[in-house]
Amino acid sequence: MELTVKLAGSRRVAGMAAISALAITLAACSSDTKAEEGASADASASEGAAALSGTLPGAGASSQEKAMTGWLAGFQEANPDVQVSYDPTGSGTGREMFLNGAVLFGGSDSAFKPEEIESAKERCFGGEAVELPLYISPIAVAYNLPGVDAKNINLQPETLAKIFAGEITKWNDPAIAATNEGVELPATNIVPVHRSDDSGTTKNFTDYLAKAGNGAWAHDAAETWPIEGGQSGAQTSGVVQTLQSAEGTIAYLDASQVPDGFGTVAVGVGDEFVPFSPEAAAAVVDASPATDDATDLRLTIDLARDTQESGSYPIVLVSYSFACSTYDSEQDAENVKALLTYIASEEGQQRAADPSVAGSAPISDTLREEVTAAIEKITAA
């Protein structure tokens, strides 16, 4: 399978020359002629996908980049005539491109805002936005402290909030030392690193600090980092580069993209400290209710950030796949339905859960039923 960089070229994206060259575009795979005895079986297996063709552009959350690479590869294996792409522009830009009609689907680390839900009615030809929680992943808090042997530094939520608020500035601060007995902490300056672009990852992380930080975080959840100055990076790749650039840095980022060899924070939950893992992320999602404005098409979740549930990791990112409930083309509607169906399938979820792909937490069977019911409602005007 060849992975190429290419712009999606449909009439909806004509003139969108500014789309990033980082778009993940999977070209159709060529193959040698199959042996005659296997041809009929191959034809039977692909019969349902034979009608799918055309261009299927998407954009959005950079946190989904690795998972989306795996998903698009699996989708294209079954649908080689669909040219599908995903530009990891960030959640805010992805939603903007979707509402402007530049892409047909996307990913976002935060739910649509009320005004975006309203705008989607026009963009979706009288339908509405569909939001499906198909990527569940812990947000890791990684640090660059060479010489510190501990794989995880234990931090209470209040301590973590004070670090990112700039109130705790040394790695050997008493608040950090108190929860890391036996760990030799250096007097190195702490350098918090944040996202410079609008980011659903930032909104999820600041939501955690606000709800679990015991008043130490004085800001509301927001996609834009609320404190001026400091070190930052654009998109997840920029945060990683900044994290790697100097000792003492600490940053929040999707757990699948923590650089090899870097330590991560185990956060205080009740009487224990919990490191990130797919299982711990799934545990807090299962314990969280739907948002007040959720519908049968917008399956949005109100995450329990201040949970005391044993084994739960509350700094979790639920990234939504979004689309329209109504398209003006039967081809677009069927292509989007087929892609989302694959992403939600057990095969698709297990592909993303592979540590070599993204290490995400697969959705539950119960949630899959709700997601499938929403996908089935996607249609053409």
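The figures follow:
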{"read-out": "Only one of Leu340, Leu299 that is of a type in the set (A, V, I, L, M), more than 30 Å from Thr179 (Cα to Cα) and not assigned by TED's automatic domain parsing to the domain that holds Glu128", "value": "Leu299"}
{"read-out": "Number of the exception - Ala165 against (1) in contact (Cβ under 8 Å) with a residue 60 or more places away in the chain; (2) under 30 Å from Leu367 (Cα atoms); (3) not charged (D, E, K, R)", "value": "(2)"}
{"read-out": "Helices (runs of 4 or more DSSP H) contained entirely in segment 85-179, each with at least 2 residues that are among the small types (Gly, Ala, Ser)", "value": "91-99, 114-123, 174-177"}
{"read-out": "Count of residues meeting criterion [out of contact with any Ser or Thr (no Cβ under 9 Å at 6 or more places or on another chain) and modelled with pLDDT of 95 or more] in segment 267-291", "value": "1"}
{"read-out": "Residue check, Asp286 in contact with a helix residue (DSSP H, G or I) (Cβ under 8 Å, 6 or more places away or on another chain), of a type in the set (Asp, Glu) and in contact (Cβ under 8 Å) with a residue 24 or more places away in the chain", "value": "no"}
{"read-out": "Condition check for Phe276: buried (at least 23 other Cβ atoms within 10 Å of the Cβ), assigned by TED's automatic domain parsing to the domain that holds Gly127 and touching a helix residue (DSSP H, G or I) at 6+ places or on another chain (Cβ under 8 Å)", "value": "no"}
{"read-out": "Hits in segment 214-252 (condition: part of a loop (DSSP other than H, G, I, E, B), touching a Lys or Arg at 6+ places or on another chain (Cβ under 8 Å) and of a type outside the set (D, E, K, R))", "value": "Ala216, Ala221, Ala222, Trp225, Ala234"}
{"read-out": "Entirely in segment 253-364, the strands (runs of 3 or more DSSP E) that have 3 or more residues that are in contact with a strand residue (DSSP E or B) (Cβ under 6 Å, 6 or more places away or on another chain)", "value": "263-269, 316-324"}
{"read-out": "Members of segment 210-262 that are under 19 Å from the mean Cα position of the chain (by Cα) and hydrophobic (A, V, I, L, M, F, W, C)", "value": "Ala221, Ala222, Trp225, Ala234, Val239, Val240, Ala251, Leu253, Ala255, Val258"}
{"read-out": "Selection from segment 125-177 of residues that are within 22 Å of Lys203 (Cβ to Cβ), among the hydrophobic types (A, V, I, L, M, F, W, C) and out of contact with any Lys or Arg (no Cβ under 9 Å at 6 or more places or on another chain)", "value": "Leu134, Ile136, Ile139, Ala140, Val141, Ala142, Leu155, Leu160, Ala161, Ile163, Phe164, Ala165"}
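The values are calculated or read from the model by the stated rules, or taken from the named source; none is laboratory data. Only a predicted model underlies this, so the values are computations on that prediction, with no experimental measurement involved. Positions of Cβ are generated from backbone atoms using ideal geometry, with glycine treated the same way; all protein chains shown enter the neighbour counts.
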